[in-house]
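Visitor: What follows is a single structure, and I will ask about it in a moment.
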Amino acid sequence: MTIKNYRWLVVVLIFTATIINYIDRQIIGLLKPFLEKEFNWTETDFARIVMAFTAAYAVGLLFFGWLIDRIGTRIGYSLTVIFWSAASMVHALARSVFGFAMARVALGIGEAGNFPAGIKTVAEWFPKKEKALAIGIFNGGPSVGVVVALLMVPPILVHYGWQEVFWITGALGFVWLIFWLWLYEVPARQKRLSQEEYEYIVSDQEEEETDKNPVTWVRLFSFPQTWAYITGKGLIDPIFWFFLFWLPSYFASSYNLDLKKPSLELVIIYSATTIGSISGGWFSSQLIKRGWAVLRARKAVLLGFAFLELAVLLIPYASGLWSVVWLISFAVAIHQAWATNIFTLPSDLFPKQAVSSVVGIGGMAGAIGGILFPLMVGFILDSYKAGGNLNGGYNLIFTICGFTYLLAWLIIHFLTRNACKLTLGELK
């Protein structure tokens with residue numbers, strides 16, 4: 001039996017996996033105020049736990065990016081979900097900073113496979129004019145995952161305890177795995193896919209289908225296209241991780257938000273990222289449908305979003321909780337709109353045999369930035385807290401975040417000003 005528009009069912013699958021990925025990732029941020037009291041953590045202790053995750057995430061991205069290009073998306077995605085779901089549940093056994101750090105290491109390695117597998121899946125299932133929109137939907141998963149975590153965690157925490165939060169949320173990945181193995185296969189082997197849709201999917205992929213051999217990994221570093229993606233991820237990913245891990249604590253300390261209850265403020269903020277993610281993909285897709293060159297369309301919307309992100313500079317001057325909520329909501333939405341278009345660059349600039357590897361390399365750069373940025377955040381916040389002005393520390397961090405997007409765009413533009421999509425022959 002064939003299913004019409006099966007490619008969008010595939011997007012639903014990887015979107016759902018990403019939701020679960022970010023539920024598991026976000027738990028530590030939501031439990032931070034409770035765990036730091038129970039285990040006497042400092043801000044620097046928490047920064048080290050975050051750093052352990054991001055360091056492992058960097059290694060995992062490189063490994064899974066390489067592995068998925070070799071074993072394929074069906075098995076590769078299965079392995080990464082099994083790994084991270086088990087690691088998430090292990091958090092319930094931790095009793096020290098070191099124990100949580102080791103659990104975060106395991107989680108980081110496992111979760112790293114989600115984006116290389118997901119973006120390669122989109123590259124396999126979508127033509128150029130739909131890739132950004134598909135990635136935009138897929139990239140909306142992080143924000144939905146955070147919102148779901150905001151709604152799930154408080155009742156579990158109140159009625160059971162923090163250990164049960166990890167046990168219950170960690171089990172979700174194994175439920176997803178059943179549906180993935182039942183419903184997913186690459187287009188050429190998917191029996192539920194109609195011939196008409198298959199021809200539409202591969203309409204601009206014929207050249208890439210002629211060679212199934214994986215690309216030499218080290219060779220990718222010799223191309224400016226790779227370094228453009230490294231820049232986009234290395235400078236910007238740490239900013240979203242800051243929003244992800246520190247916002248609950250920011251509102252708890254600055255506005256006395258009770259994290260034992262579902263927070264409307266945080267739900268609004270993280271819901272905004274979904275709107276930004278899908279809208280960012282839609283904007284560049286529309287420009288391409290109107291005849292713009294693919295790379296020109298991507299860079300045009302990236303520049304626009306970089307200017308809009310300067311809105312975070314207004315946060316120190318906002319009056320009241322809800323003014324801050326709307327400003328941060330706008331900022332994180334613009335971030336996800338930016339991120340969606342960055343995520344399309346590997347499939348725009350490389351044949352699909354190299355997409356997962358490039359995504360892994362860029363993700364590793366983002367994770368390395370994520371290792372360094374939390375250390376700076378922890379140092380700034382501890383310094384300002386010692387002076388009795390914790391809000392001043394957050395305001396400084398927001399200012400740094402605002403200008404980073406324009407810097408990243410300038411470097412990307414310089415590296416890709418004469419770039420075009422590479423062929424397999426050039427990569428061999």
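Visitor: Shape verdict for the stretch 281-414, please, from the Cα gyration tensor: rounded (a/c under 1.5), prolate (a/b greater than b/c) or oblate.
Guide: Numbers: a/c = 3.02, a/b = 1.66, b/c = 1.82.
Oblate.
Visitor: Let me ask another. When the Cα centres of the stretch 331-354 and the stretch 1-70 are compared, how far apart do they sit, in Å?
Guide: The distance from the Cα centre of the stretch 331-354 to that of the stretch 1-70 comes to 18 Å.
Visitor: Right, here's the next one. Taking every pair of alpha-carbon atoms in the stretch 114-199, what share in percent sits in each 10 Å bin, from 0 to the bin with the longest distance?
Guide: 14, 34, 30, 16, 7, 0
Visitor: Another question about this same structure. Of the peptides 218-226, 316-324, how do they stack up when ordered by the mean number of other Cβ atoms within 10 Å, highest first? Please list the in-between numbers first.
Guide: Details: 218-226: 15.9, 316-324: 12.7.
Result, highest mean Cβ count within 10 Å first: 218-226, 316-324.
Visitor: Carbon and sulfur atoms: what percent of the 1.4 Å accessible area of the stretch 278-360 do they account for?
Guide: Accessible surface attributable to carbon and sulfur in the stretch 278-360 totals 69 percent.
Visitor: Which ³J(HN,Hα) values, rounded to whole Hz and listed in residue order, are derived for the stretch 162-175 from phi using the Karplus coefficients 6.51, -1.76 and 1.60 in 6.51 cos²θ - 1.76 cosθ + 1.60 with θ = phi - 60°, glycine and proline given as x?
Guide: Karplus values, whole Hz, x for Gly and Pro: 5, 4, 5, 4, 5, 4, 6, 5, x, 6, 4, x, 6, 5.
Visitor: Right, another one. Ordering 417, 7, 74 by accessible area with a probe of 1.4 Å, largest first, what comes out?
Guide: 417, 74, 7
Visitor: Averaged over all directions, how much area does the convex hull of the C-alpha atoms of the stretch 13-140 cover when projected, in nm²?
Guide: Average of the hull's projected areas for the stretch 13-140 equals 7.8 nm².
Visitor: When a/c is below 1.5 the answer is rounded, else prolate if a/b is larger than b/c, else oblate, so apply that to the stretch 217-292 with a ≥ b ≥ c taken from the square roots of the Cα gyration tensor eigenvalues.
Guide: Working: a/c = 4.43, a/b = 1.69, b/c = 2.62.
The shape class here is oblate.
Visitor: Compute the Rg/Rh shape ratio of the stretch 303-366: radius of gyration over Kirkwood radius, all on alpha-carbon atoms.
Guide: On the way: Rg = 16.0 Å, Rh = 13.6 Å.
Reported Rg/Rh (Cα atoms, Kirkwood Rh): 1.17.
Visitor: With a 1.4 Å probe and all protein chains in place, put 196, 124, 38, 164 in order of accessible area, largest first. The partial results should precede the final answer.
Guide: On the way: 196 150, 124 25, 38 105, 164 65 Å².
Sorted by accessible area, descending: 196, 38, 164, 124.
Visitor: Apply the Karplus parameterisation 6.51 cos²θ - 1.76 cosθ + 1.60, with θ equal to phi minus 60°, to every residue of the stretch 355-369 and state each ³J(HN,Hα) to the nearest whole Hz, in sequence, with x for glycine and proline.
Guide: Per-residue couplings from phi come out as 4, 4, 5, 5, 4, x, 5, x, x, 4, 4, x, 5, 4, x Hz.
Visitor: Would you calculate, for the chain, the mean residue ellipticity at 222 nm contributed by helices, counting each DSSP H stretch of 4 or more residues as -39,500 (n - 2.57) and dividing by all residues, to the nearest 500?
Guide: Counting only the DSSP helices, I get -27000 deg cm²/dmol.
Visitor: May I have the convex hull volume per residue, in Å³, for the Cα set of the chain? Please list the in-between numbers first.
Guide: On the way: hull volume 54.3 nm³, N = 428.
Residue-normalised Cα hull volume stands at 127 Å³.
Visitor: I would also like to ask the following. Hey, could you pull the Cα Rg and Dmax for the stretch 255-360, both in Å?
Guide: 16.8, 51
Visitor: Here is a follow-up. Please work out whether the stretch 132-178 counts as rounded, prolate or oblate from its C-alpha gyration tensor, where a ≥ b ≥ c are the square roots of the eigenvalues and a/c under 1.5 means rounded, while otherwise a/b larger than b/c means prolate and anything else oblate?
Guide: oblate
Visitor: Rg and Dmax in Å for the stretch 31-100, alpha carbons only: what are they?
Guide: 15.2, 45
Visitor: Okay, moving on. What's the ranking of 357-365, 292-300 by average number of surrounding C-beta atoms within 10 Å, highest first?
Guide: Result, highest mean first: 357-365, 292-300.
Visitor: Based on the Cβ-Cβ distance from residue 36 to residue 406, what FRET efficiency comes out when R0 is 30 Å, to the nearest 0.05?
Guide: FRET efficiency, residue 36 to residue 406: 0.30.
Visitor: A follow-up question, please. Just the number please: accessible area per residue for the stretch 53-176, 1.4 Å probe, all protein chains included, in Å².
Guide: Working: 3740 Å² over 124 residues.
In whole numbers, the stretch 53-176 has 30 Å² accessible per residue.
The values are calculated or read from the model by the stated rules, or taken from the named source; none is laboratory data. Computed from a predicted structure; not experimentally measured. Please note: Cβ atoms are built from the backbone with ideal geometry, for glycine as well, and neighbour counts cover all protein chains shown. Quick note on the areas: whole protein, heavy atoms, side chains included, nothing else; ligands and nucleic acids left out. Shrake-Rupley method; radii C 1.70, N 1.55, O 1.52, S 1.80 Å.
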